[in-house]
1. So for the range 37-46 (the condition being at pLDDT 90 or above and either closer than 19 Å to residue 7 by Cβ or surrounded by 14 or more Cβ atoms within 10 Å (Cβ to Cβ) (or both)), does at least one residue qualify?
2. If we keep just the residues of the range 82-97 that are among the polar types (S, T, N, Q) and either more than 19 Å from the chain's Cα centre (by Cα) or loosely packed, with under 11 Cβ neighbours inside 10 Å (or both), which is nearest to residue 2 (Cα to Cα)?
3. (1) more than 15 Å from the chain's Cα centre (by Cα); (2) of a type in the set (Asp, Glu); (3) closer than 21 Å to residue 9 by Cβ: which one isn't true of residue 72, the others all being true?
4. Which pairs do you get when a residue that is over 12 Å from residue 5 (Cα atoms) and touching a residue at least 12 places away in the same chain (Cβ under 8 Å), found in the range 68-81, comes within reach of a residue that is of a type in the set (Ser, Thr, Tyr) and surrounded by 11 or more Cβ atoms within 10 Å (Cβ to Cβ), reach meaning Cβ atoms under 6 angstrom, with the pair 6+ apart or on two chains?
5. Does the range 50-68 include one or more residues that are in contact with a helix residue (DSSP H, G or I) (Cβ under 9 Å, 6 or more places away or on another chain) and loosely packed, with under 11 Cβ neighbours inside 10 Å?
Amino acid sequence: MICIIALVVFGFLAIFSASHRPLAKEAFDCVFRKLTLRKCHTGLDKRLKSQITGSIMRKNEKTGIFIYRYFEIISTIFTILMIASLGYTLYGGYNFVIWGNCNG
């Protein structure tokens, strides 16, 4: 699931910075492979997992261990939250266009 979040983030950053384009390509390849029920062979998910938990472990070791152990569940929760947030944003934009405010 982290590959989906990485695709969105690095895809947006790749528009403005050429240094993020290889990561965006890697994230796209990983998401495409996951959609076709194959294993991600780029290692992007493991690399991002180690970078994220490593930076958290420098501040608090127990929190870093917890995040490392339950990383897939946490990334799934954040992916669901991202999709729900996108849905509510689109709904608010629709209401703004039709009714003139975000509430409807």
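1. Going through the range 37-46, the residues at pLDDT 90 or above turn out to be none.
Within the range 37-46 (the criterion being at pLDDT 90 or above and either closer than 19 Å to residue 7 by Cβ or surrounded by 14 or more Cβ atoms within 10 Å (Cβ to Cβ) (or both)), the answer is no, since none of the residues qualifies.
2. Kept after step one, since they are among the polar types (S, T, N, Q), are these residues of the range 82-97: 85, 89, 95.
Remaining after also requiring either more than 19 Å from the chain's Cα centre (by Cα) or loosely packed, with under 11 Cβ neighbours inside 10 Å (or both): 85, 95.
Working: 85: 17, 95: 31 Å.
Top of the filtered list is 85.
3. With (1) more than 15 Å from the chain's Cα centre (by Cα); (2) of a type in the set (Asp, Glu); (3) closer than 21 Å to residue 9 by Cβ applied to residue 72, the lone miss is (1).
4. Going by the 6 Å Cβ cut-off, the qualifying pairs are 68/53.
5. Checked against the condition, which is being in contact with a helix residue (DSSP H, G or I) (Cβ under 9 Å, 6 or more places away or on another chain) and loosely packed, with under 11 Cβ neighbours inside 10 Å, the range 50-68 yields at least one hit.
The values are calculated or read from the model by the stated rules, or taken from the named source; none is laboratory data. Keep in mind it's a predicted model, so treat the numbers as computed, not measured. As a convention, Cβ positions derive from the backbone with ideal geometry for all residues, glycine included, and neighbour counts pool all protein chains shown.
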